[in-house]
1. For segment 1-151, give me the percentage of DSSP beta bridges that are antiparallel, rounded to the nearest 5 percent.
2. What ranking do 85-92, 74-81, 41-48, 110-117 get when scored by the average of other Cβ atoms within 10 Å per residue, highest first?
3. Could you sort the peptides 32-40, 166-174 by per-residue average Cβ neighbour count (10 Å cutoff), highest mean leading?
4. Taking the Cα centre of segment 39-154 as origin, work out the dipole magnitude from +1 charges on Lys and Arg Cβ and -1 charges on Asp and Glu Cβ, in debye rounded to 20.
5. Counting only protein heavy atoms, what percent of the accessible surface of the chain is carbon or sulfur at a 1.4 Å probe?
6. Check residue 4: other-chain or 5+ apart residues with amide H under 5 Å from its amide H, H built from backbone geometry?
7. Rounded to the nearest whole Å², what accessible area per residue is found for segment 11-109 with the 1.4 Å probe?
8. Along Cα→Cβ, 7 Å out, is where each label goes; now give me the distance between the ones at residue 17 and residue 140 in nm to one decimal.
Amino acid sequence: MLPTVIILAAGRGERFAASGGSVHKLQALLAGKPVLQHTLDAVQASGLPHHVVQADASRPGMGDSIAAGVRATPEATGWLVLPGDLPLIQANTLRQIALALAGQRAVVPVCKGQRGHPVAFAAELGPALQKLKGNQGAAQLLLAGTATELIVNDTGCTTDIDTLQDLQMAELLLRARGTDA
């Protein structure tokens, strides 16, 4: 069985608004399609099971959202934690990370020397993931145990949308790929 992708779509997007964004960053248009839809399209194309964690006042931070996603998918054999603001992530990269998780506690993609997302966690870390709270996310689990680094050739794993400038850069990168999908 393959791990489940948890798509985090619950953040407030405050930096995007502060940079001049007039809509939530996940709804901002990139090549005519919302940022979140690009991310969802890649996940769907990967063929991996997935669960979207939407905004909810009871989940104030990333840790809370990850915990909610893990609790909502108890049948999962592991999880790939994917922020919804990574619209350039490629389906093949998601599959590579899912396959690399076999026999590992955690896997982190690395592109051009930079750690990216999604970070994958084995089922044995489920109880710890369910206890996460606040804004720290799962970084503390990566410090507690060694994560396997997986070298990937996908700048989409490190290209997130936090500002209008990030959105403009993503648009340029999409054009350079020769596609607006």
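1. Of those bridges, close to 40 percent are antiparallel.
2. Taking the mean over residues of other Cβ atoms within 10 Å, the ranking is 85-92, 74-81, 41-48, 110-117.
3. Result, highest mean first: 32-40, 166-174.
4. Taking the Cα centre of segment 39-154 as origin, the dipole is about 220 debye.
5. So the carbon and sulfur contribution to the accessible surface is 53 percent.
6. 77, 78, 79, 80
7. Solvent-accessible surface per residue comes out at 43 Å².
8. Each label point is offset 7 Å from its Cα along the Cβ direction, giving 2.7 nm.
The values are calculated or read from the model by the stated rules, or taken from the named source; none is laboratory data. These figures come from a predicted structure and were not determined experimentally. Using ideal geometry, Cβ is built from the backbone for each residue, glycine included, and neighbour counts are taken over all protein chains shown. We work out accessible area using only protein heavy atoms, side chains counted, and drop any ligands, DNA or RNA first. Shrake-Rupley method; radii C 1.70, N 1.55, O 1.52, S 1.80 Å.
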